[in-house]
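Data first, discussion second: the structure below is written as structure tokens.
Taken together, the values in this text are just the output of simple stated rules run on the coordinates, not laboratory data. This is a predicted model, so every value here is computed, not measured. Here the Cβ positions follow ideal geometry from the backbone for every residue, glycine too, while neighbour counts run over all protein chains shown.
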Amino acid sequence: MDKIIIRGGKRLAGRIPVSGAKNAALTLLPCALLTDEPLTLRNLPRLADIDGFQHLLNQFGVSTAIAGARPEDFGRVMTLQATRITSSVAPYDLVRKMRASILVLAPMLARMGEAKVSLPGGCAIGNRPIDLHLKALEALGATIELAAGYVRAIAPDGGLPGGRYSFPVVSVGATENALMAAVTARGKSTLHNAAREPEIVDLCRMLVAMGAEIEGIGTSDLVIHGVSRLHGATYQVMPDRIEAGSYACAAAITGGEVTLAGARIEEMEATVQALRDIGLHVEPRPEGLHVAADGPLRPVTLETAPYPGFATDMQAQLMALLCLAQGTSVLTETIFENRYMHVPELNRMGAHIETKGRVAIVHGVPKLTGAEVMATDLRASMSLVIAGLAAEGETQVHRLYHLDRGYERLEEKLALVGAEIERVGGD
């Protein structure tokens, strides 16, 4: 199995291109099921999760074509067309590795009147039930059955009637599924306490480009007027705000200065504020976001929260950065209950981190030391890379399949700005 080897201590400086957002792309791809016309997505990142979702859509009879992709390019253009859907079942062997697979449930239900999807897998970062997805679909008129590890959703004759649902807690995935179900319902649907993440906004904008009628985009109250059909469209995936924040942390921990080409500050304000509180200079530029570290890192107290709060997907990367802050930081994880699995690995590198339930106390240390470490989930793996960039000596990061799920050609991008990093075949 491959591993990444990092020889730390190199200051990062230069330009890093920010890829299309994984979390947005995985929501846009299933929209191809909502129309028989072509849907073309630009700036689609080259990631294992994208490939996995493509294979899942192929299972349903969706054709996919890659246009003009050169091996040296970041991102690609994919055209998908679901002229005829040949199956309404998402099987276990395709779904088990990727939690986002549950997002085919609503568009398949809307298009075919029925969908059967295996219960999803993904990163082992805590219990992430899909009950809100199912309750939202029931509120829109679907009948839900659970049996033998599968979810079966059935629409009444004539399609979903639409309805009203108020999310008891904010759920990004459930909001996405409800939106895709509602856009072709027979009547009006209203979603209260809906997620407001930029990826939700991206989904709404693409659905509107396909002919949907949605009010309240960017707010927690969405009103969807169902239309009889959607048409094809060409749409550019938004830049990945989590990737941009991750590379900002990488530059900061090395005392570096980078331009994150394509990043949009308005979509990552909580991350930017946290970085500024730590002592970084972060400014928007015409090309993207400029990040510079020219002084000591300061400790902070933060807790994760739904957007516009500080993203849980940035917690591990920020923790790695705070390992070298001058003082004690306190991080509270409010979204997932098991998202500190990177702490023992960071401590192996000389960090001093204590956890008490959902609270992590990060005592800043003078230095980190390279070690062999094991990635436990997608964002945890990036935290180990960030720590390795600043550590004395050599760091080896194992289980790269986590990184490959969410960071497009990470070692190439870091090498562009001066990191001494390489991917090698494992034992």
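So here's what we get for this one:
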{"item": "Mean Cβ neighbour count within 10 Å, used as a protection proxy, ranking 214-221, 295-302, 102-109 highest first", "result": "102-109, 295-302, 214-221"}
{"item": "Label point 7 Å beyond Cα of S220 along Cβ direction - residues of the range 189-203 with amide nitrogen under 11 Å", "result": "192-196"}
{"item": "Rounded to the nearest 20 debye, dipole of the range 24-236 from Cβ charges on Lys, Arg, Asp, Glu", "result": "140"}
{"item": "Cα shape, the range 24-236, gyration tensor, a/c 1.5 rule", "result": "rounded"}
{"item": "Whole-Hz ³J(HN,Hα) from phi, Karplus 6.51 cos²θ - 1.76 cosθ + 1.60, for the range 387-400, glycine and proline x", "result": "4, x, 5, 9, 6, 6, x, 10, 10, 10, 10, 9, 6, 6"}
{"item": "Hull-based mean projected area of the chain, where the convex hull spans the alpha carbons, in square nanometres", "result": "19.0"}
{"item": "Ranking of M341, M210 by count of other Cβ atoms within 10 Å, fewest first", "result": "M341, M210"}
{"item": "Nitroxide proxy distance, nm - points 7 Å out along Cα→Cβ at Q236 and E72", "result": "2.2"}
{"item": "Rounded to the nearest 20 debye, dipole of the chain from Cβ charges on Lys, Arg, Asp, Glu", "result": "340"}
{"item": "Mean Cα-pair separation over length for the range 277-427, i.e. relative contact order, pairs under 8 Å, 6 or more apart, %", "result": "18"}
{"item": "Sequence-separation-based contact order of the chain, relative, with Cα cut under 8 Å and 6+ spacing, percent", "result": "21"}
{"item": "Value of [θ]222 nm, deg cm²/dmol, for the chain, DSSP H segments ≥ 4, -39500 (n - 2.57) each, nearest 500", "result": "-8500 deg cm²/dmol"}
{"item": "Distance (nanometres) between label positions extended 7 Å along Cα→Cβ at S87 and E394", "result": "4.4"}
{"item": "Selection of trypsin sites (Lys or Arg not before Pro), the range 1-108, meeting DSSP coil and at most 14 other Cβ within 10 Å", "result": "R84"}
{"item": "Pairwise FRET efficiency - A65 versus R186, Cβ, R0 = 30 Å, nearest 0.05", "result": "0.35"}
{"item": "Over 18 Å (Cα to Cα) - which of K22/K188; K10/K367; K3/K413; K22/K97; K22/K413 fall in this group", "result": "K22/K188"}
{"item": "Positive-end residue of P284, A233, A251, charge dipole of the chain with Cβ unit charges", "result": "A233"}
{"item": "Length released on extending from S228 to A305, taking residue separation times 0.36 nm less the Cα-Cα span", "result": "24.1 nm"}
